[in-house]
1. Would you mention how many residues in region B:33-58 are more than 14 Å from chain A (Cβ to nearest Cβ) and either in contact with a strand residue (DSSP E or B) (Cβ under 6 Å, 6 or more places away or on another chain) or loosely packed, with under 12 Cβ neighbours inside 10 Å (or both)?
2. Working only within region A:125-159, note down all residues that are within 16 Å of the chain's Cα centre (by Cα) and in a helix (DSSP H, G or I).
3. Quick test for you: out of B:324, B:308, pick the one residue that is over 30 Å from residue B:265 (Cα atoms), modelled with pLDDT of 90 or more and either in a strand (DSSP E or B) or under 24 Å from the mean Cα position of the chain (by Cα) (or both).
4. So how many residues does region A:126-147 have that are at the interface with another protein chain (Cβ under 8 Å from one of its Cβ atoms) and either in contact with a strand residue (DSSP E or B) (Cβ under 6 Å, 6 or more places away or on another chain) or in contact (Cβ under 8 Å) with a residue 40 or more places away in the chain (or both)?
5. Assuming residue B:154 fulfils every condition listed in (1) under 21 Å from the mean Cα position of the chain (by Cα); (2) modelled with pLDDT under 85; (3) surrounded by fewer than 19 Cβ atoms within 10 Å (Cβ to Cβ) apart from one, which condition is it?
6. Within region B:16-32, how many residues turn out to be surrounded by fewer than 16 Cβ atoms within 10 Å (Cβ to Cβ) and touching a helix residue (DSSP H, G or I) at 6+ places or on another chain (Cβ under 7 Å)?
7. Within region B:395-405, is even one residue touching a residue at least 12 places away in the same chain (Cβ under 8 Å) and part of a strand (DSSP E or B)?
8. Residue by residue through region B:401-431, note down the ones that are farther than 17 Å from residue B:360 by Cα and within 12 Å of chain A (Cβ to nearest Cβ).
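The values are calculated or read from the model by the stated rules, or taken from the named source; none is laboratory data. Note that the coordinates shown come from a computational prediction; the quantities given were computed from them, not determined experimentally. Positions of Cβ are generated from backbone atoms using ideal geometry, with glycine treated the same way; all protein chains shown enter the neighbour counts.
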């Protein structure tokens, strides 16, 4: 049965720790995509995703808004990615590190804000997006899975697309403003 | 088709869900309206990005790896673990394949701070000795009814066997058996079977499920001991150490930990499950090998301490037959799964637990199994045979349990004339908000 993030978090806190596997199952793919876009390396992204989930589990009691689990998880993942990068720098020789930085910068894409935008969608919108695009279900399969009419799925997708586009446009505007301010 | 109608159809169009006629109309409008065309392209572009992101992550499968790590790393002092529960519950443990050899002939009880420090050191060495297990097999005896909950403690019952097989590598798999109940996780899904005809399948590979968590925690021997040590240090759990000479002539260390469940004696669940009982745990270590040899758990009841669990056999890194993790169910099994929202779901959501108990029993009395099935998940034939034709004598006022259930006292007269007076446990299903039967029949 599909519970909300809040319900899964509360069940985990109540001692049903096995339910954390359902949160991992729900968010492993978008989290991986987010990290792959940030670090530009699939193996490192998978390692960082594992670490992020484990840290999230160990800190679950500190999560003040269980309904914001995914946003919170992305925050943890961002810190893990930073630590991973710093750790790489320490491990390698300087010239190797420089090469890695260049490779990472070249391989990383600019798509990770997409997962950040998905994270702040209302939960029902987010679930439909994740099931349709990250789990690869058809709209009809999403409707069956969530026990809702097909028309509700397409309406929810429409609304989710609108919110995502607004969010991504706002991020692009903010980025442009930063770039302008950084110019000499 | 105008602009508003066309835009309403963007997602359905991009997803290929429009009827042919509507699709043609939409395309015709897009050809003539530059604004809508640009808007549609933005939607389609976002759709392509999302599909590409999903495809890039298609092969990702982290659940088992993460949950294995979670199991290994979750023993900080403030975190509740099996062992901390055991300590809280004042269990008595004595681990070891040679539990039978623990016929102690000499005992020196030590309670000084120095002795407690030594107890921690023994436990720490015991933990190190069993670190990096790839598999484990535990066999013990538990006072419980054969078919009842894996976690239920029933001091009035005789001992029944309980076994756990667990493979940590290369993929996590496990099986727990009692005479009337089996749970299996085969790496893909998790299955519960209660004899003779009740089944429930969870489509995920759960690291533990169906109230087997306490046994899994014991199976993670190294973590269990480490987390107990952390709990002792952080929370000041009382610990005693006894130096003993076993029947085999070897020197043993017996470490007892007292723990409280935190529940009052008036709590309905008090002393009914491992997680809600006051217990004493006893661990027996062989001083030469430093290995844990046996575990015992004693229940603290008003009538005195009673042994409720003893671990007879601990086999580390055994070769486990893959067939152990397969379970063939009889053909007559009724399978439970996610509850479905009913057309008249709200009617059942609006019920109090007393009303739900009444409706459940009345439906069974009428042998209206369609109606009764709305409260059971699943409703096997054995339950129908047992409850069919019953008469309700009385339904009492509910009270709440600490596990979120509402408990409704009831008295019914079964078709064979037997009168049953007990407490029905009902919980609300999280996805449908309806009451469902959680135990007590």
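1. Here the count works out to 2.
2. Correct list: A:125, A:126, A:127, A:128, A:129, A:130, A:131, A:132, A:133, A:134.
3. Details: B:308 fails: over 30 Å from residue B:265 (Cα atoms).
Exactly one residue qualifies, and that residue is B:324.
4. Qualifying residue count, region A:126-147: 2.
5. So the condition that residue B:154 fails would be (2).
6. Counting residues in region B:16-32 that are surrounded by fewer than 16 Cβ atoms within 10 Å (Cβ to Cβ) and touching a helix residue (DSSP H, G or I) at 6+ places or on another chain (Cβ under 7 Å) gives 1.
7. yes
8. Those that are farther than 17 Å from residue B:360 by Cα and within 12 Å of chain A (Cβ to nearest Cβ): B:402, B:403, B:404, B:430, B:431.
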